[in-house]
Amino acid sequence: MLNRIVLTLVFTLSFLSYVAPDLNLTVQLAPLILFAILVFFRVGFSDFVLTAVDSLFDAEGLILVFGLPIVTLGQSIESNFDRSLPYWGVISTCLLLTRLYTAITPLREVFEAFFWSAVACLAIFLPISFWALQDAISTFVRFAPYSFHPNLLAWIMAGYFCVMVWKLLTGTLFIKIMACFGIVICSTIMFFASSRGVIIAVISGCLTIAAMALVQALREGRNYFRWIGLTAAVLLLGTFIYVQNQGSVQESFDFVDQVLSLSTKDRGIDSGFTGRFDKWASVMKDLSDGTFLIGRGVRASDAMETMIDNSYIVILYDLGLIPLVVIVCRFLIILYESFRGYFVAVTSEQRRFRLLCTLIVVVALVTNFTERSLFAVGNPFSLLAFFMLVAPTWQFRTSPSHAPEGEPLWGRVAVQ
């Protein structure tokens, strides 16, 4: 219980750092320092400390914990960005800490902590930013209070949305009610932050897990799902016809257009992803000198006047081709294991756990075509994705027999 409380505090501080009067590196490091203390006591005083250490030296550990830092050290030292080496140190340390932690702690515990952190953060954030949200609703100005960028705030809300959906499926009645409120709040903030990439990613993730659930239901002969789908389709069609007859469809379209800036010159559909296409083309041209092979140093792209809003290009620019392949392949492996595990799981609890993993990875991978948060630890959702990236693969597999020898029984049971 204490372990979960401290990890919840780590995620919460990671969010609240953006509410602080002065967002600086020291403030952002505070939750990571707390996490390092947690790992020290959680692993160092555990009966399974040898299991945790062994996980550093298996194939995954060698690639993720040692390989990535080694292949990015040289360019970070030589980088023109003066903070590249300190950022390299932070990322490398987090790779080590998260691997040690997830080697003996089931991801379910991490998700539980993230959920309760989401509840706490929304309970704090909504009241203190209520008037700013109301102003965004009335004026259509993008919602971004305190030190949040609209896209960053929407990205974090997408992470909270994922665990709210999970708890809506698995929680008690009281938890389900909280999750419903959380889903509404997260959806509202994402919408009025006007982050189209995040909204598309969340819709993609929800459609993915809905399709998985439908296929599983049909495989099990639960044909009532067909009637549920048919009833929902009829209700939606009837609602659309009614609204259209009321003449309010165009008003709704205009409202969405204004909030999401779909037709404006600077952010509209014809703006090339708000100028992202031009920036991506320019960066790829710069990388044609061969630097895409080794990168230019961790967070070197931060020195650009205009940021690269694409995590895949950011990783290529900063870290090089090999880390990009490793990171993307790792997330795809997690997606595959979660997807496959869903259809062979024995209990509904196991299936819902894998639905959550699938939802998080789909949302993360889709969002980061237009964002830069896939390989980072500076906000709670990126930190959660970091946990999943570094966690041993047995955490996602179909049977506890895949766990390494010596893995604690309670850890195996939790990820079956």
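The values are calculated or read from the model by the stated rules, or taken from the named source; none is laboratory data. Only a predicted model underlies this, so the values are computations on that prediction, with no experimental measurement involved. Neighbour counts are summed over all protein chains in view; Cβ atoms, including those assigned to glycine, are modelled from backbone coordinates with ideal geometry.
Observations on the structure shown:
- Any chance ARG340 is among the basic types (Lys, Arg), part of a loop (DSSP other than H, G, I, E, B), modelled with pLDDT under 95 and out of contact with any Phe, Trp or Tyr (no Cβ under 6 Å at 6 or more places or on another chain): no
- Checked against (1) part of a helix (DSSP H, G or I); (2) crowded, with 16+ Cβ neighbours inside 10 Å, ARG4 passes all but a single condition, namely (2).
- Tally, over the stretch 260-292, of residues that are in contact with a helix residue (DSSP H, G or I) (Cβ under 8 Å, 6 or more places away or on another chain), hydrophobic (A, V, I, L, M, F, W, C) and either exposed (fewer than 12 other Cβ atoms within 10 Å of the Cβ) or at pLDDT 85 or above (or both): 5
- For the stretch 385-396, a residue qualifies if it is of a type in the set (A, V, I, L, M) and out of contact with any Cys (no Cβ under 9 Å at 6 or more places or on another chain), and the qualifying residues are ALA385, LEU389, ALA391.
- Scan the stretch 132-143 for residues that are surrounded by fewer than 18 Cβ atoms within 10 Å (Cβ to Cβ) and either within 24 Å of CYS180 (Cβ to Cβ) or at pLDDT 95 or above (or both) and the total you get is 3.
- In the stretch 300-326, of all residues being β-branched (Val, Ile, Thr) and in contact with a Leu (Cβ under 7 Å, 6 or more places away or on another chain), the one that is surrounded by the most Cβ atoms within 10 Å (Cβ to Cβ) corresponds to ILE315.
- Positions within the stretch 257-308 being of a type in the set (Phe, Trp, Tyr) and in contact with an Asp or Glu (Cβ under 7 Å, 6 or more places away or on another chain), in sequence order: none
- For ILE70, the conditions (1) over 23 Å from ALA300 (Cβ atoms); (2) without any contact (Cβ under 8 Å) to a residue 24 or more places away in the chain all hold with the exception of (1).
- Answer from SER187, SER129, SER195 - the residue that is surrounded by 15 or more Cβ atoms within 10 Å (Cβ to Cβ), farther than 30 Å from PHE339 by Cβ, touching a Phe, Trp or Tyr at 6+ places or on another chain (Cβ under 9 Å) and in contact (Cβ under 8 Å) with a residue 12 or more places away in the chain: SER129
- Candidate set: the stretch 55-93, residues that are part of a helix (DSSP H, G or I) and of a type in the set (Asp, Glu); chosen: the one surrounded by the most Cβ atoms within 10 Å (Cβ to Cβ): GLU60
- Within the stretch 7-42, being in contact (Cβ under 8 Å) with a residue 60 or more places away in the chain and among the β-branched types (Val, Ile, Thr) holds for THR8, VAL10, THR12, VAL19, VAL39.
- Among the candidates ASN368, ASN379, the residue that is surrounded by 24 or more Cβ atoms within 10 Å (Cβ to Cβ) and out of contact with any strand residue (DSSP E or B) (no Cβ under 6 Å at 6 or more places or on another chain) is uniquely ASN368.
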